[in-house]
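The values are calculated or read from the model by the stated rules, or taken from the named source; none is laboratory data. Since the model is a prediction, treat every value here as computed from it, not as a measurement. Please note: Cβ atoms are built from the backbone with ideal geometry, for glycine as well, and neighbour counts cover all protein chains shown.
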């Protein structure tokens, strides 16, 4: 028999616990997975600021910039073209800004629904926590639906900021030798659109760096890259955290979500005074760019009433 997961609600927060793994979800704050605790170690980026209501126009760095959010219909703020004209999509999309509706919650599983406001899109995400032979598993099932009456464009990216510390290692399939650069703090890896070797990358100012190894926060770096389109066997990535005693192994379906965004921040963001991120975000995505306004073979639309579904799994393997 599967081990039953303790489920409880505190204020509006939902907590799942099995063994020494506890997961907290905040429906009122964008359906955010705010905490994944394993044997006392926090596996997600902690809040840079207190949780507070979000506006429709604030930038992502004006909020807590922590945990695991969902980016829909774009990661970057942009002006997207639709059949009815131009539409402004805010920074990191709509869904982290709005309260999500709880559709079902019991026995370590929660189904939430978030409604976009810039474009007529709704995202349903069902998350389940279970114990495995190697540790614990968070499995997510997603479905996006066009709730409008006209065809609409969309792009999705998972947005989990996994806490990191110096020496942690990002592992990609051996067949991945190069990444597309979306952006790099101070231009240290080059400019957006450049191809960057993985894992040993050349620095724009000379020398090289091992992108797969997390640096201390004093390094003051922040780089966003993309892998893909990915082959069927390139359906995983991992973050090894030896001091925390955990390997996070992320699995997804490249036939449905063919790209992987990689955000490696060693104290280099946000670009403002105050607390900085120290995290690695491994982000299955539908596009190799952050902006919905940049078209390509990855561009997607949904007809009125049409839906699209995909999975994602995070295995928390104890070392």
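Only one of these is surrounded by fewer than 17 Cβ atoms within 10 Å (Cβ to Cβ), touching a helix residue (DSSP H, G or I) at 6+ places or on another chain (Cβ under 8 Å) and on the phi < 0 side of the Ramachandran plot: 204, 197. Name it.
Every option except 204 fails the conditions.
Can you pull out every residue in the range 125-144 that is surrounded by 19 or more Cβ atoms within 10 Å (Cβ to Cβ) and closer than 17 Å to residue 257 by Cα?
Correct list: 125, 140, 142, 144.
Just need a number here: residues in the range 255-292 that are in a loop (DSSP other than H, G, I, E, B) and either without any contact (Cβ under 8 Å) to a residue 12 or more places away in the chain or crowded, with 19+ Cβ neighbours inside 10 Å (or both). Reasoning before the result, please.
Within the range 255-292, the subset in a loop (DSSP other than H, G, I, E, B) is 255-258, 268-277, 286-292.
Next, from what is left, pick out any that are either without any contact (Cβ under 8 Å) to a residue 12 or more places away in the chain or crowded, with 19+ Cβ neighbours inside 10 Å (or both): 257-258, 268-269, 273, 276-277, 286-290, 292.
Residues flagged as in a loop (DSSP other than H, G, I, E, B) and either without any contact (Cβ under 8 Å) to a residue 12 or more places away in the chain or crowded, with 19+ Cβ neighbours inside 10 Å (or both) within the range 255-292 amount to 13.
Going by the structure shown, is residue 119 assigned to a strand (DSSP E or B) and either touching a strand residue (DSSP E or B) at 6+ places or on another chain (Cβ under 9 Å) or surrounded by fewer than 19 Cβ atoms within 10 Å (Cβ to Cβ) (or both)?
Against the criterion (assigned to a strand (DSSP E or B) and either touching a strand residue (DSSP E or B) at 6+ places or on another chain (Cβ under 9 Å) or surrounded by fewer than 19 Cβ atoms within 10 Å (Cβ to Cβ) (or both)), residue 119 does not qualify.
Which members of the range 70-108 meet the condition of being free of Cβ contacts under 8 Å to residues at least 60 places away in the same chain and farther than 27 Å from residue 288 by Cβ?
Across the range 70-108, the qualifying residues are 103, 104.
The rows are residues; the columns are (1) part of a strand (DSSP E or B); (2) closer than 19 Å to residue 309 by Cα.
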residue	(1), (2)
70	yes, yes
76	no, no
88	yes, no
92	no, no
128	yes, yes
133	no, no
144	yes, yes
161	yes, no
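Could you tell me which of the residues 80, 86 is touching a strand residue (DSSP E or B) at 6+ places or on another chain (Cβ under 6 Å), under 30 Å from residue 303 (Cα atoms) and surrounded by fewer than 17 Cβ atoms within 10 Å (Cβ to Cβ)? Working first, answer last.
Values: 80 fails: surrounded by fewer than 17 Cβ atoms within 10 Å (Cβ to Cβ).
Matching residue, one of 80, 86: 86.
More than 25 Å from residue 76 (Cα to Cα) and either in contact with a strand residue (DSSP E or B) (Cβ under 7 Å, 6 or more places away or on another chain) or modelled with pLDDT under 95 (or both) - does that describe any residue in the range 222-240?
Residues of the range 222-240 that are more than 25 Å from residue 76 (Cα to Cα), as a first pass: 231-234, 240.
The next check asks that each one be either in contact with a strand residue (DSSP E or B) (Cβ under 7 Å, 6 or more places away or on another chain) or modelled with pLDDT under 95 (or both); those that pass are 240.
Among the residues of the range 222-240, at least one is more than 25 Å from residue 76 (Cα to Cα) and either in contact with a strand residue (DSSP E or B) (Cβ under 7 Å, 6 or more places away or on another chain) or modelled with pLDDT under 95 (or both), which makes the answer yes.
Conditions tested, residue by residue: (1) in a loop (DSSP other than H, G, I, E, B); (2) within 23 Å of residue 278 (Cα to Cα).
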site: 16; (1), (2): no, no
site: 24; (1), (2): no, yes
site: 34; (1), (2): no, yes
site: 37; (1), (2): no, yes
site: 46; (1), (2): yes, yes
site: 51; (1), (2): yes, yes
site: 65; (1), (2): yes, yes
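Which residue, of 98, 75, 102, is out of contact with any helix residue (DSSP H, G or I) (no Cβ under 7 Å at 6 or more places or on another chain), crowded, with 17+ Cβ neighbours inside 10 Å and closer than 13 Å to residue 154 by Cα?
That would be 75, the only listed residue that is out of contact with any helix residue (DSSP H, G or I) (no Cβ under 7 Å at 6 or more places or on another chain), crowded, with 17+ Cβ neighbours inside 10 Å and closer than 13 Å to residue 154 by Cα.
For the range 178-201, name all the residues that are farther than 17 Å from residue 291 by Cβ, in contact (Cβ under 8 Å) with a residue 24 or more places away in the chain and in a strand (DSSP E or B).
Result: 179, 196.
Just the residues that are closer than 17 Å to residue 166 by Cα and either modelled with pLDDT under 95 or assigned to a loop (DSSP other than H, G, I, E, B) (or both), please, taken from the range 202-218.
Residues satisfying the conditions are 211, 212, 214, 215, 216.
Would you mind stating whether residue 93 is crowded, with 16+ Cβ neighbours inside 10 Å and in contact with a strand residue (DSSP E or B) (Cβ under 7 Å, 6 or more places away or on another chain)?
The answer is yes for residue 93.
If residue 109 passes every condition in (1) out of contact with any helix residue (DSSP H, G or I) (no Cβ under 9 Å at 6 or more places or on another chain); (2) surrounded by fewer than 16 Cβ atoms within 10 Å (Cβ to Cβ); (3) over 23 Å from residue 278 (Cα atoms) but one, which one does it miss?
The single condition residue 109 does not satisfy is (2).
Check 29, 16, 60 and return the single one that is in contact with a strand residue (DSSP E or B) (Cβ under 8 Å, 6 or more places away or on another chain), surrounded by 20 or more Cβ atoms within 10 Å (Cβ to Cβ) and either farther than 27 Å from residue 169 by Cβ or touching a residue at least 12 places away in the same chain (Cβ under 8 Å) (or both). Spell out the reasoning first.
Details: 29 fails: in contact with a strand residue (DSSP E or B) (Cβ under 8 Å, 6 or more places away or on another chain); 60 fails: in contact with a strand residue (DSSP E or B) (Cβ under 8 Å, 6 or more places away or on another chain).
Residue meeting the stated conditions: 16.
Looking at (1) outside any strand (DSSP E or B); (2) under 28 Å from residue 108 (Cα atoms), can you tell me which one residue 9 breaks?
(1)
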